[in-house]
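Okay, so here's the structure we're looking at.
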Amino acid sequence: MEQVTIRVPATTANLAAGFDVLGCALGLYNTLSFTPSDELSFSGCEEQYQNEQNLAYVAYARVWQELRRGDVPPVHIHIQSEIPVCRGLGSSAALIAAGAAAANYMAGKPFDRRQLLAMTTEIEGHPDNLAPALLGGMTASMMAGRQVYTVEYLPHPELHFVALSPDFPLSTHEARRALPAMVSHSDAVRNSGYLAVLLRALEQGDEELIAVSLQDRLHQPYRRRLIPEYDRVEALANQNGCRAVCISGAGPTILCITRDGDFAARMERAVLPLEHRWTVRDLPVDYHGAIRL
């Protein structure tokens, strides 16, 4: 086997009403190199993650185990990370996608990307981040038993996905714990309508329709309370010309969708007086997904 280097994009998931369904790959990347070694080892990440529970290795091992070729080959994993951890931009999915893709290449590519998606979804639990991380673009995914089904959408090319990430994390576990165990029939119906309209609005680039359909009754009303200054950031986005605002993934990153190419620069200035430091990124849609460099 030879060294394999994989680049994986960040992802934003949910997009309001698309809870655990929608995801979009964005132009911010983690790059991981996998080198055959005498024992498992790591570099480029904190010592607490340098073990068999590292998600890149978990996915790497999962693919080898599927091949049933005996023991998992030991490897050295070097991680170069641009995607912030626990910020709602798919850092976990990026590690999983990289590990699975690397093992697949090292084994001679016996699996296609959709087979890798099915395997890695067993690790992540749901495919909303993993589908765009592996395939690129904007995807909607569902599960029927253990089978994962994914379709792709084309957001309007003039749309800007502006991510505002704060200087504090929010764990996915904590964000899920905030959700109610049950929702009303009326809320479920409303969400179905929001989602159906949102998908078409994103393809058309209709900013007003995107803003109206970026509503949600399943997770955002509960999670926004966990994000200090959410209301202030949303108000600043509105004041600077963008009403299409939602939580990215489980948060705490806040996503703004606009056709205004100058919006991100205005928001960089607007958030400066806030108590927390908010990093503003105008990120293009990535249409490649996990690729070998």
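Based on the alpha-carbon gyration tensor of segment 37-118 and its eigenvalue square roots a ≥ b ≥ c, which shape applies: rounded if a/c is under 1.5, prolate if not and a/b is larger than b/c, or oblate? Oblate, because a/c is 1.5 or more while a/b does not exceed b/c. For segment 125-136, putting each phi into the Karplus relation 6.51 cos²θ - 1.76 cosθ + 1.60 with θ = phi - 60° gives couplings of x, 8, x, 4, 7, 5, 4, x, 4, 7, 9, x Hz, in residue order, rounded to whole numbers and with x for Gly and Pro.
Relative to the compact-globule scaling 2.2 N^0.38 Å, provide the ratio for the alpha-carbon radius of gyration of the chain.
Working: Rg = 19.0 Å, N = 293, 2.2 N^0.38 = 19.0 Å.
With N residues counted in the chain, Rg over 2.2 N^0.38 Å equals 1.00.
For segment 119-199, trypsin sites (Lys or Arg not before Pro) meeting the loop criterion (DSSP other than H, G, I, E, B) and having at most 13 other Cβ atoms within 10 Å: 146. For residue 149, the solvent-accessible surface with a 1.4 Å probe is about 120 Å², rounded to the nearest 10. For segment 9-17, backbone phi angles converted through the Karplus equation (6.51, -1.76, 1.60; θ = phi - 60°) give residue-by-residue couplings of x, 5, 9, 10, 10, 6, 6, 6, 5 Hz, Gly and Pro being listed as x. The distance linking segment 117-176 with segment 205-257 is 17 Å (Cα centroid to Cα centroid, whole angstrom). The residues of segment 119-245 present an accessible area of 49 Å² per residue when probed at 1.4 Å with all protein chains retained.
Surface composition of the chain: carbon and sulfur make up 48 percent of the accessible area, probe 1.4 Å. Multiplying the residue separation of residue 272 and residue 235 by 0.36 nm and subtracting their alpha-carbon distance yields 11.9 nm.
Within the listed set 13, 102, 144, the residue fluctuating most in the Gaussian network model of the chain (springs between alpha-carbon atoms under 10 angstrom) is 144.
Look at the alpha carbon pairs under 8 Å that are at least 6 residues apart: their mean separation over the length of the chain gives a relative contact order of 26 percent. Computed over segment 49-182, the P(r) tail beyond 26 angstrom holds 29 percent of alpha carbon pairs. In this rough spin-label picture, where each label sits 7 Å from Cα along the Cβ direction, the residue 181-residue 2 distance is 5.6 nm.
For segment 135-293, what does the alpha-carbon gyration tensor say about shape, rounded, prolate or oblate, given a ≥ b ≥ c as the root eigenvalues, a/c under 1.5 as rounded, and a/b over b/c as prolate?
Values: a/c = 1.41, a/b = 1.16, b/c = 1.21.
Taking the square roots of the gyration eigenvalues as a ≥ b ≥ c, segment 135-293 is rounded.
Applying a DSSP loop filter and a limit of 15 other Cβ atoms within 10 Å to the GluC sites (Glu not before Pro) in segment 136-181 leaves 158.
Long hydrophobic helices in the chain: the complete DSSP H runs spanning 18 Å or more by Cα along their own axis with mean Kyte-Doolittle hydropathy of at least 1.0 are 91-106.
The values are calculated or read from the model by the stated rules, or taken from the named source; none is laboratory data. Quantities reported herein were computed from a predicted structural model and do not represent experimental measurements. Reconstructed Cβ throughout: ideal geometry from the backbone, glycine too, with neighbour counts over all protein chains shown. Side chains included, ligands, DNA and RNA excluded: accessible areas come from the protein's heavy atoms. Shrake-Rupley method; radii C 1.70, N 1.55, O 1.52, S 1.80 Å.
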